[in-house]
Amino acid sequence: MTGNDNKNSSVDTDKSERFFQLLMTSQNRIHGFLFMMVHNESDAEDILQETAAAMWQRFDDFQPDKSFIAWGLAIAHNKAVNFLKRNARTKVHFNEDLYQRIASIEMADEADNTERTEAMRTCLKKMKKNDQKLLLMRYENNIPIKQIAELLGRSQNGIYQTMARLHNLLHGCIQRALALR
Amino acid sequence: MLTEQEKLHLSKLILKLIDNSLCKEELAALEQQLRQSPDTLAFYREFMRDYVSLKSRIHTYLAKDSPAPGEKLLDGDVWKALSENERTAAQMVIEKPQKEKEKILIEKVRHEKLQRHINKFSLTIAFLSAAALFAMILYVQYNPRRPVSQEVATLTDLLNPRWEALTEPFKDGDRLRTNIGPIQLNGGFAEITYDSGAKVVLEGPASFEMVSPLEMTLHYGRLYAKVSKTAKGFTVATRNSRVIDLGTEFGVHASFNGETELHVFDGKTTLVSGTPKDEKQVVDVVAGQAKRVRYVDSAVSDIELKKEYFVEKIDSISGQLLRRDGQPENQRQFEGIKLAAMVAGQDNFKQNKFESGIDPNSGNINPEAEQNWERTGHHGYAAVKDRSFIDGVFVPDGSIGLNKVSSAGHTFDGFPKTSNLYWMDITANPYIIEIQGREKNASLKKVPVTKIIPVFDDSEKTNQSCLLIHPNAAITFDLEKIRQANPFFELSSFTAVCRLPQAMYDRTINKSEFWVLLDGKCVFHYKLEDQFTKQVDIPITSQQRFLTLATTDGGDDISYDWCVFEQPEIKLNLKD
């Protein structure tokens with residue numbers, strides 16, 4: 001069946017598009033929150049997927065005049081708390097009340113990450129090429145610090161020191177950029 | 001406020017926390033700091049947000065200005081810098097940040113000069129560094145989990161695309177690389193053609209990623225893949241499944257709720273279900289079958305094959321798309337193009353309104369097809385306005401020799417001598433309208449109707465379309481415009497049945513002649529006196545532009561010469 005794109009939009013397509021755009025705008029923020037809670041990449045990604053699935057299932061209940069991010073963070077919080085309970089014995093964790101404090105602060109902030117993302121983009125571009133390459137190796141090529149240290153015959157501590165320096169360079173630049181806005 | 005040294009120390013601890021390499025004491029120390037210092041907690045939160053951003057989007061951020069990660073990754077300078085930084089890390093001094101009113105600058109780092117002692121130990125370290133560099137080069141180059149970014153496909157068409165706001169929009173013709181992170185299509189459609197031969201149409205909202213020359217990851221959304229033999233093994237991965245093509249056409253939907261659906265329309269695929277942590281289930285899925293992989297446990301179940309759910313082809317020029325029906329490739333049939341609709345006007349045809357007619361002499365469209373005697377042709381060719389696919393009309397008469405049959409100047413000299421008279425407008429109205437009496441040489445006036453006779457008998461199929469072309473009249477269709485309006489198809493043939501209306505079988509002998517021309521060449525000719533019906537099936541090539549349908553009076557007068565092209569259609573074949 002041939003047709004024109006505009007004529008074939010259905011209610012379901014509109015709903016999917018609305019959800020998708022809201023999710024993509026807020027996903028970074030929700031992912032960041034989950035990472036604060038579980039500080040493990042693959043765990044945070046798993047819980048993020050669970051959160052997105054739950055948000056889609058309940059999307060009909062979402063009131064458009066409310067904050068989508070706040071709504072998503074609340075669902076993510078539940079998922080994270082359940083995860084922490086299930087894995088209390090097997091994973092390294094802080095005490096529960098610290099996570100509660102983190103969650104309270106995060107959930108009170110409804111802003112998305114757009115400004116910080118823009119600042120990060122600007123600051124990354126200003127970094128020295130070699131510093132950029134190091135970050136790419138860690139975050140794009142996923143080479144663990146332990147492996148870099150082994151390959152170079154260096155101490156892990158030294159590699160952590162270097163990566164920490166790069167993070168701090170970036171952090172400082174981002175903070176100044178945000179302060180100027 | 002945290003000092004720079006405190007931030008450095010904190011960053012180290014956080015990185016080790018993420019890598020699960022904190023010892024007990026370090027974990028306890030970190031927790032204590034987070035509890036006691038609001039600044040530390042704020043720093044922790046910002047660090048984690050930035051970490052996630054870097055992880056998911058660093059390539060997008062650096063895409064325009066930096067080389068693709070694989071290109072300069074093996075640059076020895078990088079490793080020298082790393083080594084230098086690592087050896088001198090304890091001595092690094094970070095200057096305090098510039099004043100806020102100044103422009104944004106990355107902090108300057110001063111390296112205190114070290115006195116270098118050339119000795120055996122240093123030489124050994126240098127040698128080891130070179131060896132390590134070589135090992136790293138091998139690691140990055142040959143580790144399949146660490147692919148170098150490479151161009152693998154081209155965006156070959158886009159239809160109303162809406163891309164993520166933060167990135168520069170992709171354009172038709174852009175090359176797509178692996179390892180650039182997820183590409184977010186908020187709406188519209190994108191056609192991607194892999195260099196390996198696979199063609200994928202994505203329907204937004206969708207988030208997808210190019211993984212390799214033979215693989216794509218679909219995070220969310222819907223895609224349709226058509227894979228040539230050269231790309232056998234092409235794989236689409238979702239959160240909980242991998243679909244491996246074995247020479248096929250299939251659709252995949254990765255829904256927001258975490259489920260994956262696979263619909264196979266042609267050929268065979270292998271479905272491997274399960275997340276990286278799950279035990280895998282492997283099942284073959286063939287044409288006509290569809291499967292769902294559940295989110296909770298990656299269990300696989302049978303579902304109904306969805307028809308018209310996936311977009312198979314898009315065409316940005318015409319703004320059209322084609323949705324995949326449920327038929328196997330060798331059984332697909334497409335509705336022919338109805339020429340009667342082109343005469344009636346497409347909208348009228350859809351509303352079953354066929355009353356209008358086209359005067360074959362002037363090309364004028366009359367709201368009700370007119371009929372009258374003593375209407376004479378002017379031996380010319382008239383364009384028809386307001387009918388997009390009709391090139392023109394004329395009154396055929398062999399007495400002038402060459403008759404012009406198209407706007408491009410094609411001519412035909414095979415028509416017999418006719419009376420050069422015509423009775424009725426060319427119409428798609430399936431009714432013969434009989435009139436009261438006949439007055440020769442009377443002035444042209446609207447004649448009273450006595451009877452309306454349907455072209456099709458009650459015993460015949462209903463919903464038949466037809467063109468009533470009462471001699472002497474002809475109409476030419478523009479096949480090129482028809483092709484442009486149907487971008488996914490080739491025009492394969494013209495079919496119709498040339499006939500008398502059944503009600504006219506026992507009337508006076510009708511000697512009318514039917515003609516079909518392609519670019520002015522006669523490809524079909526039929527004299528009604530032989531029999532009452534004759535099937536027409538004429539192949540059309542891609543080069544032919546004009547299709548002419550004509551009737552002539554057979555040498556006697558035009559009375560009762562009711563000529564019908566029943567179900568005149570242009571048959572379609574799907575383009576590859």
Test result for B:LYS575, surrounded by fewer than 19 Cβ atoms within 10 Å (Cβ to Cβ), among the charged types (D, E, K, R) and at pLDDT 95 or above: no
Please enumerate the residues belonging to the range B:217-234 that are open to solvent by 10 Å² or more (accessible area, probe 1.4 Å) and away from every other protein chain (no Cβ under 14 Å). B:LYS226, B:VAL227, B:SER228, B:LYS229, B:THR230, B:LYS232, B:GLY233
Restricting the range B:36-48 to residues that are within 44 Å of the chain's Cα centre (by Cα) and open to solvent by less than 30 Å² (accessible area, probe 1.4 Å), which is farthest from B:LEU2 (Cα to Cα)? B:MET48
Among the residues of the range B:311-331, is there at least one that is in a strand (DSSP E or B), closer than 23 Å to B:THR476 by Cβ and in contact with a helix residue (DSSP H, G or I) (Cβ under 7 Å, 6 or more places away or on another chain)? no
Among the residues of the range B:538-572, write down those that are closer than 20 Å to B:TYR381 by Cβ and either surrounded by fewer than 20 Cβ atoms within 10 Å (Cβ to Cβ) or of a type in the set (D, E, K, R) (or both). B:GLN544, B:ARG545, B:ASP553
Filter the range A:157-181 down to residues that are out of contact with any helix residue (DSSP H, G or I) (no Cβ under 6 Å at 6 or more places or on another chain) and free of Cβ contacts under 8 Å to residues at least 24 places away in the same chain, then give me how many there are. 8
For the range B:1-42, name all the residues that are under 23 Å from A:ASN142 (Cβ atoms), part of a helix (DSSP H, G or I) and within 7 Å of another protein chain (Cβ to nearest Cβ). B:SER11, B:LYS12, B:LEU15, B:LYS16, B:LEU17, B:ILE18
Given A:ARG154, A:ARG101, which one is without any contact (Cβ under 8 Å) to a residue 24 or more places away in the chain, open to solvent by 60 Å² or more (accessible area, probe 1.4 Å) and over 18 Å from B:TYR61 (Cβ atoms)? A:ARG101
So B:LEU271, is it within 27 Å of A:GLU17 (Cβ to Cβ) and either among the aliphatic types (A, V, I, L, M) or part of a strand (DSSP E or B) (or both): no
Per the filter on the range B:543-576, residues assigned to a strand (DSSP E or B) and within 29 Å of the chain's Cα centre (by Cα) are B:PHE546, B:LEU547, B:PRO568, B:GLU569, B:ILE570, B:LYS571, B:LEU572, B:ASN573, B:LEU574
For the range B:2-35: of the residues being open to solvent by 30 Å² or more (accessible area, probe 1.4 Å) and hydroxyl-bearing (Ser, Thr, Tyr), which is nearest to A:ALA103 (Cα to Cα)? B:SER21
Could you list, in sequence order, the residues of the range B:398-420 that are within 15 Å of B:HIS470 (Cα to Cα) and touching a strand residue (DSSP E or B) at 6+ places or on another chain (Cβ under 7 Å)? B:THR418, B:ASN420
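Yes or no, residue by residue, for (1) under 15 Å from the mean Cα position of the chain (by Cα); (2) modelled with pLDDT under 85:
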{"site": "A:GLN27", "(1), (2)": "yes, no"}
{"site": "A:PHE33", "(1), (2)": "yes, no"}
{"site": "A:ASP43", "(1), (2)": "yes, no"}
{"site": "A:TRP56", "(1), (2)": "no, no"}
{"site": "A:ARG86", "(1), (2)": "no, no"}
{"site": "A:ARG89", "(1), (2)": "no, yes"}
{"site": "A:GLN100", "(1), (2)": "no, no"}
Evaluate the following for B:MET92: is it touching a strand residue (DSSP E or B) at 6+ places or on another chain (Cβ under 7 Å) and either within 7 Å of chain A (Cβ to nearest Cβ) or at pLDDT 90 or above (or both)? yes
Pairs with Cβ under 8 Å, 6+ apart, first in the range A:34-57 and in a helix (DSSP H, G or I), second small (Gly, Ala, Ser) and open to solvent by 10 Å² or more (accessible area, probe 1.4 Å): A:TRP56/B:SER255
Quick check on my filter: what residues within the range B:50-61 are charged (D, E, K, R), within 11 Å of A:MET120 (Cα to Cα) and facing chain A (nearest Cβ under 7 Å)? B:ASP50
If B:GLY345 satisfies every condition in (1) open to solvent by less than 70 Å² (accessible area, probe 1.4 Å); (2) under 20 Å from B:ASP561 (Cβ atoms); (3) at pLDDT below 95 but one, which is the exception? (2)
Conditions (1) surrounded by 19 or more Cβ atoms within 10 Å (Cβ to Cβ); (2) over 23 Å from A:ASN142 (Cβ atoms); number of the one not met by A:LYS85: (1)
Which one is least open to solvent (accessible area, probe 1.4 Å) among residues in the range A:106-122 that are more than 7 Å from every other protein chain (Cβ to nearest Cβ) and hydrophobic (A, V, I, L, M, F, W, C)? A:ALA119
Taking A:LEU134 as the residue in question, decide whether it is outside any loop (DSSP other than H, G, I, E, B) and facing another protein chain (nearest Cβ under 10 Å). yes
Name the residue that is modelled with the lowest pLDDT, counting only residues in the range B:141-177 that are among the β-branched types (Val, Ile, Thr) and either open to solvent by less than 40 Å² (accessible area, probe 1.4 Å) or at positive phi (or both). B:THR167
Answer residue from the range B:387-432, given it is of a type in the set (Phe, Trp, Tyr) and more than 22 Å from B:GLN543 (Cα to Cα) and is surrounded by the fewest Cβ atoms within 10 Å (Cβ to Cβ) among those: B:TYR431
Among the residues of the range B:178-207 satisfying the criterion of being under 19 Å from B:PHE234 (Cα atoms) and touching a Pro at 6+ places or on another chain (Cβ under 8 Å), which is modelled with the lowest pLDDT? B:ASN179
Residues of the range B:183-216 satisfying the condition of being open to solvent by 10 Å² or more (accessible area, probe 1.4 Å) and at positive phi: B:GLY197
Say whether the condition of being closer than 21 Å to B:LEU202 by Cα, touching a Lys or Arg at 6+ places or on another chain (Cβ under 7 Å) and hydroxyl-bearing (Ser, Thr, Tyr) is met by at least one residue in the range B:236-243. no
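The values are calculated or read from the model by the stated rules, or taken from the named source; none is laboratory data. Note that the structure is predicted; figures quoted are calculated from it, not measured. Please note: Cβ atoms are built from the backbone with ideal geometry, for glycine as well, and neighbour counts cover all protein chains shown. We work out accessible area using only protein heavy atoms, side chains counted, and drop any ligands, DNA or RNA first. Shrake-Rupley method; radii C 1.70, N 1.55, O 1.52, S 1.80 Å.
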